[in-house]
Amino acid sequence: MNIKICISGLLFLLFTTQILYSQQAAQDTTSKLKVESSETVEGFLRKGREVRKLSGNVRLRQENTLIYCDTAILDLDDAVLKGNVVIEQGDSVKIFADSALYYGATKQSDLFGKVVLAKADKKLFTKKLHYDVGNKIATYYSGATLTNGQSQLSSKRGYYYVNEDQLYFKGNVLITDPDFTVRTDTMLFNTTTQIATFVAPTLISEHESKIYCEGGFYDIENDFAEFDVNPQYERKDQRGKAQKMTWQGTSKEYILQDSAYIEEKTRIVKADVIRYNSISEVATLVGNAYYKDSTQEITGTKVRYDSRNKFYQLLGRGRVSDPPNIIEADSLDFNDQLGNGFAQGSVIWSDTSSNMSVYAYRLDYNKQTDYLSAYGGFGERGNGGFGGPSGRPMMKTLVDRDTLYLASERLISFKPDTASEVRQLLAYKDVRIFKSDMQAVCDSLSFSSSDSIFWFYKLKSLPIVWSDTSQFSGDTIKMLLKNSKLDRIWLRLNAMVINSEDGQLFNQIKGKFTTAFFRENEVREMYTDGNAQAVYYALDDKKAYIGVNETKCSEMRLYFGNNQVNSIKFYAAPEGTFTPMKKAGKEGKKLDGFFWEKTRRPRSIEDILKIYTPI
């Protein structure tokens, strides 16, 4: 049915209707969509319902929601809004659009055109937005961008829970910032806390670094992130992964936890926890620490490595394998660039090429020159150790399938020529050696692997070498190892060799110079030069003493068997006497300078480690 209204009647209707709407807005407290103001109102019927068209500075209200636009067509509680559309909720939320559909009964709205949802300083830009006015939830499906300070967040689809300040981004999610970018498929973002939560594969790029994860969060404001599902990162040629990874942007530090792993060119790093600072290029490994490069392998409780300055530290018990050398210690500092380092606390240094090991409290060394200096005792005194800082360092090496132990106040080893594998050993102040079939003491000692000769030197006390029942002494002693066996001993100046089976009667050989030749660790031949003298006891077939021989000659050569003289070769006319045992007496004959040393002879490893002032 058509109804015609005259112009004057229409103007009256518009005037009275506008006044009526204003009165209803002031008095009606229902949840209906209400008109608060407009410049003009037109009314017409549509399918039997009254439809109104509001134009010019239109303002509508539904509870605490205000709606502004240029034109509005109201059909019951639904409205079509056009031109400069604004939906405002309190002072915090405003939505701008070119046009919109508003459904008052369900409190829903669809906005079109240049849509902007603003809350505080956060703005969401899109071309189409669905907004749940009652629950303050915005939804988009055709792409949107959120500005967040200097950052921008965009995605294909998304949900914005305005009350909770929470956004749910889905599809081609991208965060761009002057310092980083984030790409993922799904992400949650809180506009108040500035925290992005990742629930899908995510790639974060920051200058020369990239971080990948499948779960975690990023605090944009504080530049702090934590990734706990398959986290990995790349920086230049460096790659890292762990069960959990933390990033502190202000300090540029990565923290990798649980099965942490970093690989960089020729380097591999593993630990329970790895802290890496990308500015200082310092990595700290904690728990089951492992470091390996092209030349060395390091394991320990805690390791700190400065890759820029080529410097590493072992904090806690650790091991460095740099073939052929291996070092174990409670702590270790080493500058790979300079080649200098020191290890401290129960130090074990090994040279696998020469079967040599050093035990000490502290070890200073240089990798380039293969120099090392050891002092102090291994372990702690009273706890099965060798005495700590006040103890004595000890060297051990394999000789004739038996271990030789050497201890002194200071041990020094180096390679005179870095091009060869020759190693020089120096030991000084109260040197003591123990081997099951040979022992020695001296004031200082040197050994060279080039000729396998030990030099024993005198400072206060004569150096002495013991082998089985024989004692060798002189101002200087040389001892040759051949094929890791004792081959010969040279005695220079005041040379004396004493042998005794029972500690009562002594065979003696004295001269200026003496050389003893060994086979199977027994003296088989001895050459004495310069005022040679010999005292040796003759035995019968039952090995009973029958008398003593005394011989003098400028030089002589003696041949032994079963620890007794079998024959003597004289190089000049000798002077000799034989005295039967009855006349010789029980004390026996002793040459000038005779002494039989019992106190200084080491009987065990503990004896060479004891601290005492030598005679």
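Every number here is computed from the coordinates shown, using simple stated rules; none is lab data. Keep in mind that this is a model prediction, so the values were computed, not measured. When we count neighbours, we look across all protein chains shown, and the Cβ atoms used for this are built from the backbone with ideal geometry, even at glycine.
For the reader, a short list of remarks on this structure follows.
- The phi torsions of the range 310-324, fed into the Karplus equation with coefficients 6.51, -1.76 and 1.60 and a -60° offset, translate into couplings of 6, 10, 9, 10, 9, 10, x, 4, x, 9, 10, 10, 10, x, x Hz, rounded to whole numbers, with Gly and Pro shown as x.
- With Rh defined as the Kirkwood radius, the inverse of the mean 1/r over Cα pairs, the Rg/Rh of the chain is 1.46.
- Bridging of residue 119 to aspartates and glutamates at a Cα separation below 15 Å is possible for 88, 91, 164, 165, once same-chain residues fewer than 8 apart are set aside.
- Mean separation of Cα contacts under 8 Å (6+ apart) over length of the chain, as relative contact order %: 4
- FRET efficiency, residue 562 to residue 415 (Cβ-Cβ, R0 51 Å, nearest 0.05): 0.75
- Take the Kirkwood radius over Cα pairs of the range 494-599, plug it into Stokes-Einstein at 20 °C and 1.002 mPa s, and you get 152 µm²/s for translational diffusion.
- For the range 463-555, the alpha carbon convex hull comes to 98 Å³ per residue, rounded to a whole number.
- Calculated SAXS-style log₁₀ I(q)/I(0) at q = 0.12, 0.14, 0.22, 0.25 Å⁻¹ - the range 539-609, Debye, Cα scatterers: -0.52, -0.68, -1.15, -1.24
- Unsatisfied cross-links (Cα-Cα over 32 Å) in the set 82/122; 122/210; 482/586; 552/598; 210/310; 310/429: 482/586; 310/429
- Unsatisfied cross-links (Cα-Cα over 23 Å) in the set 107/128; 435/512; 512/582: 435/512; 512/582
- Listed peptides 39-48, 408-417 by packing density, highest first (mean Cβ within 10 Å): 408-417, 39-48
- Annotation: average projected area of the range 177-296 is 7.2 square nanometres, based on the convex hull of Cα atoms across all directions.
- A crude spin-label estimate for the pair residue 114 and residue 485, with each label 7 Å from Cα along the Cβ direction, gives 10.2 nm.
- Inter-label distance, nm, simple model (7 Å from Cα along the C-beta direction), residue 524/residue 606: 3.7
- The aspartates and glutamates within cross-link reach of residue 236, meaning a Cα-to-Cα straight distance under 16 Å and a gap of 8 or more places when in the same chain, are 206, 208, 253, 263, 264, 281.
- Three-way shape label, the range 400-468, alpha-carbon gyration tensor, a/c 1.5: oblate
- Sites residue 141 and residue 32, calculated FRET efficiency, Cβ-Cβ separation with R0 25 Å, nearest 0.05: 0.25
- For the pair residue 422 and residue 478 in one chain, pulling the backbone fully straight at 0.36 nm per residue adds 18.3 nm over the alpha carbon distance.
- Förster-model FRET efficiency, 41 Å R0, residue 205 and residue 369, C-beta, rounded to 0.05: 0.35
- Cα long-axis angle, helix 7-27 against the chain (0 to 90 degrees, to the nearest 10): 40
- Length added when fully stretched, residue 46-residue 493, from 0.36 nm per residue minus Cα-Cα: 147.5 nm
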